[in-house]
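The values are calculated or read from the model by the stated rules, or taken from the named source; none is laboratory data. Nothing here was measured: the structure is a model prediction, and the numbers come from that model. Methodologically, a virtual Cβ is constructed for each residue, glycine included, from the backbone with ideal geometry; neighbour enumeration extends over all protein chains shown.
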Amino acid sequence: MDIDYAILKDELPKVTEASIGDEISLYERWDRSNQRSMMVIKTKISASICGSIEQHHNVRALLKAIDEQFETSYKALASTLIMKFSSTKLIGVQGAREHILKARDIAAHLNKLEVEMSDSFLVHYILNTLPHPYRPFMISYNTHKEKWSINELMTMCVQEEGRLFMEQGESSQSAHLAVQRKKKIQAKSKGKGQNTCPS
């Protein structure tokens, strides 16, 4: 259909009385392609931006106007994602895998919007969003020469999460036993005090 001819070629001078046969046929070819391209784009364009785009008679000008609309949207989206990314923190010991996947997903979206961040930065950033119980784990990473990929970080974090969870379970069990022991001692001392006869 030669539909992209007007997108690929500059607009040709309009036909005049002085135009020769080749100039006329080339202009007609460009004009036909321009009209078809405009028709296709206008039927496919999103209704949300349709009203904000000026009327154009040249397909290239129309595509440029559409690009400008999306450029503004991309900037706003990038700002929103950056705020979301910078506020992402892991609260508590559990959920390390989901936390890392969420941060990686936001970073991937930002990379598509040309807000690029390296895997190395992402690993360091995620480590710094982990809660206090993960501090020894972070120190361990910083003292090793090897750099981790995101997948390696996820594997290590999940292992550390399991270790911390078990550790917390043991400490809470110990605390529970200590409370039970204290209650028993208090109950015994009360019982002894009630059994003593007044003098």
Check: So which residues in the stretch 90-121 are modelled with pLDDT under 90 and basic (K, R), if there are any at all?
Finding: K112
Next item on the list: Filter the stretch 73-108 down to the residues that are polar (S, T, N, Q) and farther than 15 Å from N128 by Cβ, then identify the one that is surrounded by the most Cβ atoms within 10 Å (Cβ to Cβ).
Entry: Q94
Note to self: Looking at (1) at pLDDT 90 or above; (2) farther than 30 Å from L77 by Cβ; (3) small (G, A, S), which one does S140 not meet, given that it meets all the others?
What the structure shows: (1)
Note to self: Where the second residue is surrounded by 12 or more Cβ atoms within 10 Å (Cβ to Cβ) and part of a loop (DSSP other than H, G, I, E, B) and the first is among the hydroxyl-bearing types (S, T, Y) and lies in the stretch 77-105, which pairs have Cβ atoms under 8 Å and are six or more apart or on separate chains?
What the structure shows: T88/T129
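Quick grid of which residues meet (1) touching a Lys or Arg at 6+ places or on another chain (Cβ under 8 Å); (2) among the aliphatic types (A, V, I, L, M); (3) closer than 30 Å to Q159 by Cβ:
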{"residue": "I20", "(1), (2), (3)": "no, yes, no"}
{"residue": "S25", "(1), (2), (3)": "no, no, no"}
{"residue": "K44", "(1), (2), (3)": "no, no, no"}
{"residue": "K89", "(1), (2), (3)": "no, no, yes"}
{"residue": "E116", "(1), (2), (3)": "no, no, yes"}
Check: For the stretch 1-70, which helices (runs of 4 or more DSSP H) that fit wholly inside it have 2 or more residues that are farther than 28 Å from E114 by Cα and either at pLDDT below 80 or not β-branched (V, I, T) (or both)?
Finding: 5-8, 21-44
Margin query: Any residue in the stretch 132-146 that is assigned by TED's automatic domain parsing to the domain that holds A96 and surrounded by 11 or more Cβ atoms within 10 Å (Cβ to Cβ) sitting within a Cβ distance under 6 Å of a residue that is at pLDDT below 90 and part of a loop (DSSP other than H, G, I, E, B)? List the pairs, counting only those 6 or more apart or interchain.
Written below: P133/V93
